[in-house]
Amino acid sequence: MLGASGVGADPLALLQALAARRSVDAHALRPPAPPPEVLQRAAELTLGAPDHQGLRPVRFVHVGSEERAALGELFARAAAATGRDASGVINARERAFTGPGLLAVVVRIRDDVPDVPPYEQWLSAGAALMILLQALHLQGYGAKVLGGRAARSEVVRRAFCTEGEQLACWIITGTRDPAAEEPKPPDMRRELLTDWSPAPS
Ligand SMILES: Cc1cc2nc3c(=O)[nH]c(=O)nc-3n(C[C@H](O)[C@H](O)[C@H](O)COP(=O)(O)O)c2cc1C
């Protein structure tokens, strides 16, 4: 029997699975990368993110293994354009090969929608990003969000984005090496949920 959420008999088991997600560093990610159907399912789930006026501020661009060398050249060009030395350029090229799977997170933050300020759109994009990470996790794949210089480079932005879009970050993904060190549980000391009381008048 499914409840209104569609979760079924054991919602706590699902919550436990969601709570177990941790970012997986590049060195702990192994092939295989998530196949297209897993990525597609995860991307479709992100449409459930709260999205004021349905602006769809985020989309995901998959970089296939065949395209990594071209991405490496792009990263190298971007590094050279910002004046990095030869070893910096080599490092930048190598970063394109990080993780068995790679997605670019592209956002469009509009400033012409009076009722939806940019911070709401960023929140929506972040919510979509988190859904994607959880959807990969629940399908058995590890992932980590990475920023870095390449994401901020205009050379790279132009290769992934249309006018008005920006490359917010990358997601590396793959299969978590079972021998890798267990990620630390989150720090629960902060008060995450409190009850509001109005100030005495
Ligand atoms: C937009 C964004 C960019 C990030 N960039 C990096 C990065 O470049 N390098 C890094 O080590 N962590 C980066 N992080 C943090 C990791 O993705 C991750 O959240 C952090 O390691 C904590 O792990 P947890 O998700 O398991 O709590 C970034 C996070 C976000 C949201």
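Compute the acute angle (0 to 90°) between the alpha-carbon long axis of helix 36-45 and the principal axis of greatest extent of the alpha-carbon atoms of the chain; round to the nearest 10°.
It is inclined by approximately 50 degrees.
Under a Cβ-only charge scheme (Lys and Arg +1, Asp and Glu -1), can you give me the dipole magnitude of the chain about the Cα centre, in debye to the nearest 20?
500
If you average the C-alpha positions of segment 168-201 and of segment 87-166 separately, how far apart do those two centres end up, in angstrom?
Spelled out, the Cα-based centre of one part sits 20 Å from the other.
Output ³J(HN,Hα) for segment 114-128: one whole-Hz value per residue in order, computed from phi by the Karplus curve 6.51 cos²θ - 1.76 cosθ + 1.60 with θ = phi - 60°, and x for Gly and Pro.
Once θ is set to phi - 60°, the couplings for segment 114-128 become x, 8, 10, x, x, 5, 5, 5, 5, 4, 4, 5, x, 5, 4 Hz.
Would you mind getting me the FRET efficiency between S23 and S87? Use the beta-carbon distance for r and R0 = 41 Å, nearest 0.05.
0.90
Report, in deg cm²/dmol and to the nearest 500, the calculated mean residue ellipticity at 222 nm for the chain, where each DSSP H run with n ≥ 4 adds -39500 (n - 2.57) and the sum is divided by the residue count.
Using -39500 (n - 2.57) per qualifying helix, the result is -11000 deg cm²/dmol.
For the chain, count all C-alpha to C-alpha pairs, find those more than 25 Å apart, and express that count as a whole percent of the total.
The proportion of pairs with Cα distances above 25 Å equals 48 percent.
Count neighbours as other Cβ atoms within 10 Å of each site's Cβ, and list the chymotrypsin sites (Phe, Trp or Tyr not before Pro) in segment 127-201 that are DSSP loop with at most 15 such neighbours.
Passing sites in segment 127-201 are W196.
Which is the longest stretch in the chain that no exposed loop site breaks, taking sites as GluC sites (Glu not before Pro) with a DSSP loop state and at most 14 other Cβ atoms within 10 Å?
1-162
Between S23, S87, S153, which gets the highest mean-square fluctuation from a Gaussian network model of the chain, Cα cutoff 10 Å?
Judging by the Gaussian network model, the answer is S87.
If you build a Gaussian network model of the chain, linking Cα atoms that sit under 10 Å apart, which residue out of A42, A81, A125 swings the most?
A81
Separation between the T98 and D187 pseudo-spin-labels, each 7 Å from Cα along Cα→Cβ, expressed in nm?
2.3
Quote the relative contact order of the chain in percent (integer), defining contacts as alpha-carbon pairs under 8 Å separated by 6+ residues.
Reported as a whole number, the value is 31 percent.
Read the figures in this text as sums done on the coordinates, not as results from a lab. Just so you know, these numbers come straight off a predicted model, no measurement behind them. Neighbour counts run over all protein chains shown; Cβ positions are idealised from the backbone, glycine included.
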